[in-house]
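The values are calculated or read from the model by the stated rules, or taken from the named source; none is laboratory data. These numbers were taken from a predicted model, which means no experiment stands behind them. Reconstructed Cβ throughout: ideal geometry from the backbone, glycine too, with neighbour counts over all protein chains shown. We work out accessible area using only protein heavy atoms, side chains counted, and drop any ligands, DNA or RNA first. Shrake-Rupley method; radii C 1.70, N 1.55, O 1.52, S 1.80 Å.
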Amino acid sequence: MPEQFDVVVIGTGPGGYVCAIKAAQLGLKTAVVEKLPNHGGTCVNVGCIPSKALLHATEMYAEAQHSFDKLGIEVSGVSVNLEKLMAHRAQTVDQNVKGLDFLMKKNKIAIFRGTGRIAAAGKVVVTAEDGAEQTVETKNIVIATGSEVAGIPGVNVEFDEKVIVSSTGALVLDKVPGKLVVVGGGVIGLELGSVWARLGAEVTVVEYLDNILGGMDGEIAKQFQRLLAKQGFTFKLGAKVTAVQRSENGASVSFEPAKGGDSETIEADVVLVSTGRKPYTAGLGLQEAGIEVDERGRVKVDGHLRTNVPGVYAIGDVVVGPMLAHKAEEEGVAVAEIIAGQAGHVNYNVIPGVVYTSPEVASVGKTEEELKKAGVEYNVGKFPFSANGRARSMLQTDGLVKVLADKQTDQVLGVHILGFGAGEMIHEAAVLMEFGGSSEDLARTCHAHPTMSEAVKEAALAAFAKPIHS
Ligand SMILES: Cc1cc2nc3c(=O)[nH]c(=O)nc-3n(C[C@H](O)[C@H](O)[C@H](O)COP(=O)(O)OP(=O)(O)OC[C@H]3O[C@@H](n4cnc5c(N)ncnc54)[C@H](O)[C@@H]3O)c2cc1C
């Protein structure tokens, strides 16, 4: 009799490895299939983790150049050693990969190296790099194969990952480009644009929409754009890219106004195309196994993350929802619990989103635009960091907190923060929302003084009464 598993997870990104660990903790006999040498998927290897290593290092560099003097700290000869900076990035990735190897072992998870294909419900065929095939039998299969770079619809982009790069290439450039054009004003483009801008690149962002950070609160996105412009970013908004091509010394990007008009071409040393990602299901055998996908190629799942084939589940970037590591992780936990007979659940109303720029942008719940569209009446409370003592002491006065609460019930429906440390501060709002709390609950919670978080309390106060400090 071949070995039978309770769960086989295909893909070990944050969705897959978290699912496997949780399943093992719940006593299920668990295996993973991974085609790359490292666990961790996009997030650990070419996404969240390496980008944050570069963002942190370059933020320190920018601080040393522009802020230290104002604090009375005089430094001279601050310079960047790109090789060392990249070594920090690589070491950070390596530490995380090693951590995952340790967790796999600790939880006694069986590892199959190779590309997983679903032959039928309960059967995963693993093809190793040398072509050798092995069939793994299991009661349940979890698809966690993630996503890949999407490119630009209708435009042929030939990524060489040196001059015309995706986010993966932009993480490992071996010299600072003089001019960097970023196609796509979303989170990844603005984060990686920030990295290279801080290192000296002249950055131009070309975006199809009339605003950056599509989907985020409009007011916050506008203020954020102004701050980035102050940092030297140039924006070409409402611009439809028609071509990205190699040129003699680099590459060119051609675009025309999205609403019609004359086209323009700009030259760059490097072009980063960061126009989003699409689900990755190549080689999985979905069609043969009869597993349905939607019109955008995402594996179709129901409210319990089940596909249409019994015993086959899907999670993370490969299914509908925000393409975020923590969303994938939550789904991983939920599916493991569901398979173990527990009530696994993901609250999609409370998935925070963070842009790790300087300052950071963080949000959870609904935007004003979404509430207006849904016809929900709401109160708005805002508080600027310029009126916060701690922010002044740290020279971090840019930005604001915005709290949106239901007009009738005062339940908090959304919180949006633009400011230093926003990505950490957002979580008190997430916890509050998870418990269905009101702006009054938030405002009456004692916050330590002096902290940036006091601005969250004040914004909540502003939503149902009046702020004290502005
Ligand atoms: C530059 C960048 C920065 C990002 N920053 C953030 C951030 O700060 N915060 C955040 O929340 N998100 C961030 N993301 C998004 C985040 O990386 C993804 O949402 C997350 O990795 C999705 O997890 P996943 O488990 O669904 O898939 P993935 O992480 O993509 O993992 C899928 C895994 O499946 C494997 N696989 C695929 N097919 C097969 C197969 N047939 N057989 C075996 N193995 C297979 C792949 O090799 C991979 O290891 C970033 C992404 C990028 C590109």
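For this structure, a couple of remarks:
- Using the Karplus relation 6.51 cos²θ - 1.76 cosθ + 1.60 with θ = phi - 60°, the per-residue 3J(HN,Hα) values for region 204-220 come to 10, 9, 10, 10, 5, 6, 7, 9, 7, 6, x, x, 7, 4, x, 5, 5 Hz, with x marking Gly and Pro.
- Accessible-area composition of region 353-464, carbon plus sulfur, in percent [1.4 Å probe]: 51 percent
- Near the amide H of ALA119, within less than 5 Å, lie the amide hydrogens of VAL124, VAL125, all on another chain or at least 5 residues away, with H placed in the peptide plane.
- Taking a Cβ cut-off of under 10 Å around GLY41, the surrounding Lys, Arg, Asp and Glu residues balance to a net charge of -2, with basic ones at +1 and acidic ones at -1.
- Backbone HN-Hα couplings from phi across region 394-411 [Karplus 6.51/-1.76/1.60, Hz, Gly and Pro as x]: 9, 6, 10, 8, 6, x, 7, 10, 10, 10, 10, 10, 4, 4, 7, 9, 6, 4
- Computed from the C-beta positions of LYS105 and HIS427 and an R0 of 25 Å, the FRET efficiency is 0.25 to the nearest 0.05.
- Percent of C-alpha pairs per 20 Å bin, the chain, short to long: 22, 52, 25, 1
- Mean separation of Cα contacts under 8 Å (6+ apart) over length of the chain, as relative contact order %: 14 percent
- Residues whose amide H comes within less than 5 Å of that of ASN140, counting only those at least five positions distant or on another chain, are VAL7, VAL8 (H built at 1.01 Å from N in the peptide plane).
- Residue-averaged [θ]222 nm for the chain, counting only DSSP H segments that reach four residues, each worth -39500 (n - 2.57): -9500 deg cm²/dmol
- Antiparallel content of DSSP bridges confined to the chain, in %, to 5: 60 percent
- Charged neighbours of GLY437, selected by a Cβ distance under 14 Å, balance to -4 (K, R count +1; D, E count -1).
- One decimal place: the segment ARG296-GLN411 gains 38.0 nm when fully extended, by the rule 0.36 nm per residue minus the C-alpha distance.
- Distance between region 204-252 and region 78-125 - C-alpha centres, whole angstrom: 32 Å
- Computed over region 280-387, Kirkwood Rh from alpha-carbon pairs, angstrom: 16.6 Å
- Think of a 1.4 Å ball rolled over the protein heavy atoms: the chain then has 47 Å² of accessible area per residue.
- Beta bridge orientation in region 164-275: antiparallel %, DSSP, nearest 5: 45 percent
- Over region 103-143, Cα pairs under 8 Å with separation of 6+ residues give a relative contact order of 28 percent.
- Heavy-atom accessible surface of region 164-275: percent carbon and sulfur, 1.4 Å: 47 percent
- Taking amide H as placed 1.01 Å from N in the peptide plane, ILE164 has its amide H under 5 Å from the amide H of VAL271, each at least 5 places away in sequence or on another chain.
- With 22 Å as the limit on Cα-Cα distance, the pairs of LYS162/LYS230; LYS70/LYS236; LYS240/LYS278 that go past it are LYS162/LYS230; LYS70/LYS236.
- Phi-derived couplings, Karplus 6.51 cos²θ - 1.76 cosθ + 1.60 at θ = phi - 60°, listed residue by residue for region 178-189: x, 10, 10, 9, 10, 8, x, x, x, 4, 5, x Hz, with x used for Gly and Pro.
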